[in-house]
Amino acid sequence: MRIEEFELKITTINDRPVTVRIMVPDGYDDTDQHYPVLYVSDGQDLYRDDQTYRGAESLRFEQYYKDYAKFLPHVIIVAISAPFDPAERTAEYSPFTKDFDVPPEKKFEPHIDGLGKEYLQWMTTDLKAFVDSTYRTLTDADNTAYCGYSTGGLSACYAAVACPDTFHRIIAMSSAVCIWLDKMQEAWDAGRYDHLKYVYMDVGTNEFGRMTTKEEFLDGANMIYDNYLKHGVPAEIIKYNIYPDAMHTQREWRYRFPDALRWVFQDKD
């Protein structure tokens, strides 16, 4: 296993500088094998604590992989760092534009100009082309997955139905969808589902966001799951976990991520 770091630009969002860290699995340099790929938003949180923002804990996946690689699928992981500013991050991952009635006690933007469609456009074109030309990847959609949590989970839920030619496998942890449900419902009703291979989703019962209550987090996750079933996605390809008392933190996602990875790539070595 090794991780390489690149400084790129999100060409569809004013050339925003972005750090991308790409991990190749054990054995990559010893064969000519090609590998599936997982793209991960909030990639600054994935590998190590010293790469996170504001002293947050990471998912510590670099160490997990060193300890338990033999129990994990062999995939290339592309970790894409988010904007440092929370408001900019929310806009970058939100595929919609909307006004909000924000209570005085909440630190949230009354208007969000969503750039999530532009973000996914860059990911599925420029970034994917870079990854596929730099590494030995399996380039087809059936071998390509996307993972996000919180508002990144919103992005993943949107990509599941809006990017059928790129992503057939989706990981959406603790998705912050409830305040976007009116917009998301339109996307769900207009989206495609027949391409989905495996979907992992979860939520904790004690999760709070900048604008979302714990009840709304749970309601939102239930609505995502019900929507998949409503549109004919087989229940057996969806893993939906509800974690009692789990909060909205990287520490919680650390324990969920390896199982999510195993679920969406369960048919791969």
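Would a scan of region 175-186 turn up a residue that is of a type in the set (Asp, Glu), buried (at least 19 other Cβ atoms within 10 Å of the Cβ) and over 25 Å from Leu138 (Cα atoms)?
no
Given the criterion surrounded by fewer than 18 Cβ atoms within 10 Å (Cβ to Cβ), under 24 Å from Lys106 (Cβ atoms) and basic (Lys, Arg), identify the matching residue among Arg210, Arg254. Show your work before the answer.
Details: Arg254 fails: under 24 Å from Lys106 (Cβ atoms).
Sole residue among the options that is surrounded by fewer than 18 Cβ atoms within 10 Å (Cβ to Cβ), under 24 Å from Lys106 (Cβ atoms) and basic (Lys, Arg): Arg210.
Take Ser133 and decide whether it is under 13 Å from the mean Cα position of the chain (by Cα) and polar (S, T, N, Q).
No; evaluated as a whole, the condition is false for this residue.
Going through Ala69, Ala91, Ala129, Ala145 one at a time, which residue ends up being farther than 28 Å from Trp263 by Cβ and outside any loop (DSSP other than H, G, I, E, B)?
On the way: Ala69 fails: farther than 28 Å from Trp263 by Cβ; Ala129 fails: farther than 28 Å from Trp263 by Cβ; Ala145 fails: farther than 28 Å from Trp263 by Cβ.
None of the others qualify; the one that does is Ala91.
Kindly list the number of the only condition in (1) at pLDDT 95 or above; (2) assigned to a loop (DSSP other than H, G, I, E, B); (3) buried (at least 20 other Cβ atoms within 10 Å of the Cβ) that fails for Ile224.
(2)
Filter region 28-67 down to the residues that are free of Cβ contacts under 8 Å to residues at least 60 places away in the same chain, farther than 27 Å from Cys157 by Cα and of a type in the set (Ser, Thr, Tyr) and list them by number.
Listed by number, the list holds a single entry, Thr31.
Touching a residue at least 40 places away in the same chain (Cβ under 8 Å), polar (S, T, N, Q), closer than 28 Å to Thr249 by Cβ and part of a helix (DSSP H, G or I), is that true of Ser175?
Spelling it out, it is not the case that Ser175 is touching a residue at least 40 places away in the same chain (Cβ under 8 Å), polar (S, T, N, Q), closer than 28 Å to Thr249 by Cβ and part of a helix (DSSP H, G or I).
When residues of region 236-269 are filtered for being more than 29 Å from Thr137 (Cα to Cα) and part of a helix (DSSP H, G or I), how many remain?
Of the residues in region 236-269, 2 are more than 29 Å from Thr137 (Cα to Cα) and part of a helix (DSSP H, G or I).
What number of residues within region 190-234 are closer than 23 Å to Val102 by Cα, of a type in the set (A, V, I, L, M) and touching a helix residue (DSSP H, G or I) at 6+ places or on another chain (Cβ under 6 Å)?
1
Search region 68-91 for residues that are touching a residue at least 12 places away in the same chain (Cβ under 8 Å) and pair each with any residue that is of a type in the set (Gly, Ala, Ser) and part of a strand (DSSP E or B) when their beta-carbon atoms are under 8 Å apart and the residues are at least 6 apart or on different chains.
Final answer for the pair search is Val75/Ala145; Ile80/Ser41; Ala82/Ser41.
Could you list, in sequence order, the residues of region 182-221 that are over 10 Å from Leu154 (Cβ atoms), out of contact with any strand residue (DSSP E or B) (no Cβ under 7 Å at 6 or more places or on another chain) and not in a loop (DSSP other than H, G, I, E, B)?
Asp182, Gln185, Glu186, Ala187, Trp188, Asp189, Ala190, Lys214, Glu215, Glu216, Asp219
Across region 200-217, what is the total count of residues that are modelled with pLDDT under 95 and either under 19 Å from the mean Cα position of the chain (by Cα) or small (Gly, Ala, Ser) (or both)?
Of all residues in region 200-217, those modelled with pLDDT under 95 come to 207-217.
Adding the requirement that they be either under 19 Å from the mean Cα position of the chain (by Cα) or small (Gly, Ala, Ser) (or both) leaves 207-210, 212, 217.
Matching residues across region 200-217 total 6.
The values are calculated or read from the model by the stated rules, or taken from the named source; none is laboratory data. In this text, all values refer to a predicted model and were calculated from it rather than measured experimentally. When we count neighbours, we look across all protein chains shown, and the Cβ atoms used for this are built from the backbone with ideal geometry, even at glycine.
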